[in-house]
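Trainee: Mind having a look at this structure? Questions to follow.
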Amino acid sequence: MSKYLKYLAIGLLINFGGLALGSAWTDPGVASEWYAGLDKAPWTPPGWVFAAAWTTIGLTFSMWYAYIKVNGKEDEEDLMALFPLSVVLNVIWNPLFFAAHQLFLAWIVITFLGVTIYYIADITRREYGWKPMLLVLPYFVWICVANSLNLYAAIMHLV
């Protein structure tokens, strides 16, 4: 159990550290005049949903990280190579969207992030089973929603 807690702490540090780093470019984020004036998708959730989603993702993805590190198999290196890629893509998205207002470029990044999370979920399901894959599912679902929100804003920004 102590090995799991060690890796859970590392996962929490990496995930929430990445979120904190990414949020450095979002301030004031959803409270900004730019974001308030952005033509957002009709299905855009209220602001508190974003915080709840990312908190859930940070917790469940950290639990996934700890599970894989404790129960790792021979091909763990391939799976774990996708983990830092997901963190980097997640961090990169924030300045592209909120600071540079590069909505299409941000959409490309979030699309690659979605593909990365899909592969993490798929490899986890095939190699470790459905239960640990369910820890990745909130991230994948949220990235699909966020991708649609980003794409809608990017298209409407051009119109």
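Trainee: List the pairs whose first member sits in the stretch 15-37 and is more than 22 Å from Phe83 (Cα to Cα), whose second member is modelled with pLDDT of 75 or more and among the polar types (S, T, N, Q), and whose Cβ atoms are under 7 Å apart, counting only residues at least 6 apart or on separate chains?
Mentor: What qualifies is Thr26/Asn94.
Trainee: Could I ask something else about it? Give, as residue ranges, the helices (runs of 4 or more DSSP H) completely inside the stretch 5-101 that count at least 1 residues that are more than 17 Å from the chain's Cα centre (by Cα) and among the acidic types (Asp, Glu). Before the answer, list the steps.
Mentor: Values: elements: 33-37, 47-70, 76-94.
It comes to 33-37, 76-94.
Trainee: Hey, among Tyr139, Tyr119, which residue is modelled with pLDDT of 95 or more, crowded, with 19+ Cβ neighbours inside 10 Å, within 14 Å of Phe83 (Cβ to Cβ) and hydroxyl-bearing (Ser, Thr, Tyr)? Let's see the steps before the verdict.
Mentor: Details: Tyr119 fails: crowded, with 19+ Cβ neighbours inside 10 Å.
Being modelled with pLDDT of 95 or more, crowded, with 19+ Cβ neighbours inside 10 Å, within 14 Å of Phe83 (Cβ to Cβ) and hydroxyl-bearing (Ser, Thr, Tyr) holds for just one of Tyr139, Tyr119, which is Tyr139.
Trainee: Taking Phe98, is it aromatic (Phe, Trp, Tyr) and in contact with a Phe, Trp or Tyr (Cβ under 6 Å, 6 or more places away or on another chain)? Before the answer, list the steps.
Mentor: On the way: aromatic (Phe, Trp, Tyr): yes; in contact with a Phe, Trp or Tyr (Cβ under 6 Å, 6 or more places away or on another chain): yes.
Here the answer is yes, as Phe98 does meet what is asked.
Trainee: Only one of Ala81, Ala52, Ala9, Ala41 is farther than 30 Å from Pro132 by Cβ and either of a type in the set (A, V, I, L, M) or loosely packed, with under 12 Cβ neighbours inside 10 Å (or both); which? Walk me through how you get there before you give the answer.
Mentor: Values: Ala81 fails: farther than 30 Å from Pro132 by Cβ; Ala52 fails: farther than 30 Å from Pro132 by Cβ; Ala9 fails: farther than 30 Å from Pro132 by Cβ.
Only one candidate passes the filter, namely Ala41.
Trainee: List pairs: first residue in the stretch 100-117 and within 13 Å of Leu151 (Cα to Cα), second residue in a helix (DSSP H, G or I) and of a type in the set (Gly, Ala, Ser) anywhere in the structure, Cβ distance under 7 angstrom, at least six positions apart or on different chains.
Mentor: Leu103/Ala153; Leu103/Ala154; Phe104/Ala154; Trp107/Ala154; Ile110/Ala146
Trainee: Which condition from (1) among the hydrophobic types (A, V, I, L, M, F, W, C); (2) crowded, with 17+ Cβ neighbours inside 10 Å; (3) touching a helix residue (DSSP H, G or I) at 6+ places or on another chain (Cβ under 6 Å) is the one that Phe104 breaks?
Mentor: For Phe104, the failing item is (2).
Trainee: What pairs can you find where one residue is in the stretch 129-155 and closer than 16 Å to Ala52 by Cβ, the other is of a type in the set (S, T, N, Q) and exposed (fewer than 15 other Cβ atoms within 10 Å of the Cβ), and their Cβ atoms are less than 6 Å apart, with a gap of 6+ or different chains?
Mentor: Note: pairs meeting the criteria are Pro138/Thr56.
Trainee: Pairs needed: first member in the stretch 56-72, closer than 13 Å to Leu137 by Cβ; second member anywhere, modelled with pLDDT of 95 or more and part of a loop (DSSP other than H, G, I, E, B); C-beta distance under 8 Å; at least 6 residues apart or different chains.
Mentor: What qualifies is Thr60/Leu135; Thr60/Val136; Phe61/Leu135; Phe61/Val136; Met63/Leu135; Trp64/Leu135; Trp64/Val136.
Trainee: May I pose another question? Specify which of the listed residues (Val91, Val87) is closer than 24 Å to Ile108 by Cβ, touching a residue at least 40 places away in the same chain (Cβ under 8 Å) and either of a type in the set (Lys, Arg) or touching a Phe, Trp or Tyr at 6+ places or on another chain (Cβ under 9 Å) (or both).
Mentor: On the way: Val87 fails: either of a type in the set (Lys, Arg) or touching a Phe, Trp or Tyr at 6+ places or on another chain (Cβ under 9 Å) (or both).
The match here is Val91.
The values are calculated or read from the model by the stated rules, or taken from the named source; none is laboratory data. Keep in mind the model is a prediction, meaning the values are calculated, not measured. Neighbour counts are summed over all protein chains in view; Cβ atoms, including those assigned to glycine, are modelled from backbone coordinates with ideal geometry.
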